[in-house]
Amino acid sequence: MASLGKSVTDAGGVIVEILASRGGGTTKKSDLDAWITTYKVPVTSVIDTPPSTGTKTLTFFGVRETCVIVDVKTMKILKKVNGSVFGTGNSSVKQLVPEILKLLGA
Amino acid sequence: MKVVTRLFFVASLATLGCGSSDDSTTAAAADTGTSASDTSVDDTATSGDDTGAPPSDTATSSDTGGDPFGAYPAGPYGNKVGDVVANLDWEGYVSPLSDALANTKPYVTTSMDKLRRDAKKGYALIHVSEFL
C-alpha cells in the first residue's frame, strides 16, 4: 500500500483506506493506529464515526476487501473489484491501482 | 496628599479595566478548536480512546467563492458499478499527499464529500479493509 497509494496521490487522485471492521466488529482509533503502523499505511485512513454505532461502511459495501474507483464529480462507481477475503491472489487495491493511474493519465 | 493618593488609586483601577478586550480576542481566536491545524488531544482517555469528537477536517475545502464540486450527488446510493456512493462519515487521518505514515497527521472527522475535494484530477479509489 505504501508505494501503491503514493503513486495514486502523486498522479492527482484521491485514495481512501477505510478500516471497516476488526474481527467482524466495530473499529476504534487504537485499531486504526495499530493497522497503520503494522502495514505502514501513508494514505488517508479512516474508521466509521462515531465508532460505536456499528459498521456502516462495511454494511454499505457489503464485504471487506472491496475496492472501487469513483468519479468524484458524480460519485458514481466506475470500476469495482472484490478481492479474496482469504488473502489469496492480488489484493483488490493492487488490481485497481493500474486502472486509476490510467484514468489519471499517469 | 489624600487627594493625590485617591487620584492614583482611581487611575490604577481604570488601567486594570482597559486591557481585557485584546486578551479576550486573542483567547477566542486560539480557542475555536475547529481549524484543520488544531491537533486534538485524543490520547489522554484511559481505555476508551473515542471519548470526545475529533475536530472536523476543514483543510481541504476551498472557500474562495464557487464550489467546483457542487453539492454531494443525490441518491439512491449503492455499491455496484454505475451506482452513486453514499456520503459516508468517518474519522481518522487525512493524508492527501501520502507523504508520511498516516497517523502522523491530525486525527479529524471527515466524510466522502470532504475527501473527494482533495482530488486534483477527477478520480478516487476507495478500499474497504478489515484488520483481522
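In this structure, is B:LEU101 surrounded by fewer than 19 Cβ atoms within 10 Å (Cβ to Cβ) and of a type in the set (A, V, I, L, M)? In short, yes.
Which of the residues spanning the range A:86-106 are touching a residue at least 40 places away in the same chain (Cβ under 8 Å), surrounded by 11 or more Cβ atoms within 10 Å (Cβ to Cβ) and not aliphatic (A, V, I, L, M)? Matches in the range A:86-106: A:LYS94 only. Would you confirm whether any residue within the range A:79-90 is facing chain B (nearest Cβ under 7 Å) and modelled with pLDDT of 95 or more? Yes. Can A:ILE69 be described as without any contact (Cβ under 8 Å) to a residue 40 or more places away in the chain and either of a type outside the set (D, E, K, R) or more than 7 Å from chain B (Cβ to nearest Cβ) (or both)? So A:ILE69 fits the description; yes.
Among the residues of the range A:54-76, those that are hydrophobic (A, V, I, L, M, F, W, C) and outside any loop (DSSP other than H, G, I, E, B) comprise A:LEU58, A:PHE60, A:PHE61, A:CYS67, A:VAL68, A:ILE69, A:VAL70.
Scan the range A:6-51 for residues that are outside any strand (DSSP E or B), among the hydrophobic types (A, V, I, L, M, F, W, C) and surrounded by 20 or more Cβ atoms within 10 Å (Cβ to Cβ) and the total you get is 6.
Considering each residue of the range A:42-52 in turn, none proves to be of a type in the set (D, E, K, R), more than 7 Å from every other protein chain (Cβ to nearest Cβ) and in contact (Cβ under 8 Å) with a residue 12 or more places away in the chain. From the list B:VAL85, B:VAL108, the one residue that fits, being more than 7 Å from every other protein chain (Cβ to nearest Cβ), closer than 24 Å to A:ARG22 by Cβ, surrounded by 17 or more Cβ atoms within 10 Å (Cβ to Cβ) and out of contact with any Cys (no Cβ under 7 Å at 6 or more places or on another chain), is B:VAL108. When you scan the range B:73-89, do you find a residue that is in contact with a helix residue (DSSP H, G or I) (Cβ under 6 Å, 6 or more places away or on another chain) and farther than 23 Å from A:LEU103 by Cα, even just one? Yes: one or more hits.
Condition test on A:ASP48, is it out of contact with any helix residue (DSSP H, G or I) (no Cβ under 7 Å at 6 or more places or on another chain) and acidic (Asp, Glu)?
Here the answer is no, as A:ASP48 does not meet what is asked.
In the condition set (1) out of contact with any Cys (no Cβ under 7 Å at 6 or more places or on another chain); (2) more than 17 Å from A:SER7 (Cα to Cα), A:PRO98 is compliant with all but (2).
When A:GLY62, A:GLY5, A:GLY25 are checked against the criterion of being on the phi > 0 side of the Ramachandran plot and small (Gly, Ala, Ser), A:GLY62 stands alone in meeting it.
Restricting the first residue to the range B:80-108 and requiring it to be closer than 14 Å to A:VAL14 by Cβ, which pairs with a second residue that is of a type in the set (Phe, Trp, Tyr) and surrounded by fewer than 17 Cβ atoms within 10 Å (Cβ to Cβ) meet a Cβ separation below 6 Å and a spacing of at least six or different chains? Sorted first by the residue in the range B:80-108, then by its partner, the list stays empty.
The values are calculated or read from the model by the stated rules, or taken from the named source; none is laboratory data. Since the structure is predicted, the reported quantities are computational estimates derived from the model, not experimental observations. Note that we place each Cβ from the backbone using ideal geometry, even for glycine, and neighbour counts take in every protein chain shown.
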